[in-house]
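Trainee: What follows is a single structure, and I will ask about it in a moment.
The values are calculated or read from the model by the stated rules, or taken from the named source; none is laboratory data. All values derive from a computational prediction rather than experimental measurement. Methodologically, a virtual Cβ is constructed for each residue, glycine included, from the backbone with ideal geometry; neighbour enumeration extends over all protein chains shown. Accessible surface is based on the protein model in full, side chains and every heavy atom, while ligands, DNA and RNA are left aside. Shrake-Rupley method; radii C 1.70, N 1.55, O 1.52, S 1.80 Å.
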Amino acid sequence: MNYWLMKSEPGECSIDDLAAAPGQTLPWTGVRNYQARNFMRDQMQIGDGVLFYHSSCPSPELIGIAGLARVASEAYTDASQFDPNGPYFDAKSRPEAPRWVHVDVAFVGKTKLLSRSALRADPGLQTMLVLQPGSRLSITPVTAIEWARLQEILQDAA
């Protein structure tokens, strides 16, 4: 099993949106970074754990882990790349040779928000990629040790 941190802007898709979705599952569309795409395409597996991370919030106190999810599908073609009127259109992508994929993500549970500053304050989480300078990927791997530590923190906060 692998573990992932997946960022989403709450105005676009929040943990509450995932919880309210039909079947509590949504496609993770709109990833337009090759490394993040490769994580979905080559490494994500059904059942992998996901930290649902709210990013790009107006207030820094709202940025952080907001819930837990799991990967619910294998990677498949992200149709949003073909919509010329959509925000994720890619004019160079073709249906016979799509550039972009996505996975479905299923709701596991909402957590008390674990802020970026709280993540930074924990010595066991200093290696998390999301905390590294210049790290802007929307999807990053999380180690088993980091995942276990986060589960302890989230359980204590419940």
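Trainee: Being of a type in the set (S, T, Y) and out of contact with any Phe, Trp or Tyr (no Cβ under 9 Å at 6 or more places or on another chain) is the filter here, so list the residues in the range 109-137 that pass it.
Mentor: Once the filter is applied, which keeps residues that are of a type in the set (S, T, Y) and out of contact with any Phe, Trp or Tyr (no Cβ under 9 Å at 6 or more places or on another chain), the range 109-137 yields S115, S117, T127, S135.
Trainee: Ok, one more. State whether the residues of the range 79-96 include one that is open to solvent by less than 20 Å² (accessible area, probe 1.4 Å), closer than 14 Å to Y3 by Cα and either not in a helix (DSSP H, G or I) or not aromatic (F, W, Y) (or both).
Mentor: No, the range 79-96 has no match at all.
Trainee: I'm told M40 meets every condition in (1) closer than 17 Å to L154 by Cβ; (2) surrounded by 20 or more Cβ atoms within 10 Å (Cβ to Cβ); (3) among the hydrophobic types (A, V, I, L, M, F, W, C) except one. Can you identify the failing condition by its number?
Mentor: (1)
Trainee: Within the range 20-37, can you find the residues that are outside any loop (DSSP other than H, G, I, E, B) and open to solvent by 50 Å² or more (accessible area, probe 1.4 Å)?
Mentor: Within the range 20-37, A20, P22, G23, Q24, P27, Y34, Q35 qualify.
Trainee: Right, next: In the range 128-148, what count of residues is obtained for those that are without any contact (Cβ under 8 Å) to a residue 60 or more places away in the chain, farther than 17 Å from A36 by Cα and under 18 Å from the mean Cα position of the chain (by Cα)?
Mentor: 1
Trainee: Name, by its number, the condition in (1) polar (S, T, N, Q); (2) open to solvent by less than 70 Å² (accessible area, probe 1.4 Å); (3) outside any helix (DSSP H, G or I) that does not hold for T127.
Mentor: It fails just one condition, (2).
Trainee: So which residues in the range 97-120 are over 21 Å from A36 (Cβ atoms), open to solvent by less than 80 Å² (accessible area, probe 1.4 Å) and more than 16 Å from the chain's Cα centre (by Cα), if there are any at all?
Mentor: Listed by number, the list holds a single entry, A118.
Trainee: Output the residues belonging to the range 8-50 that are free of Cβ contacts under 8 Å to residues at least 60 places away in the same chain, among the charged types (D, E, K, R) and farther than 17 Å from Q81 by Cβ.
Mentor: E9, D17, D42, D48
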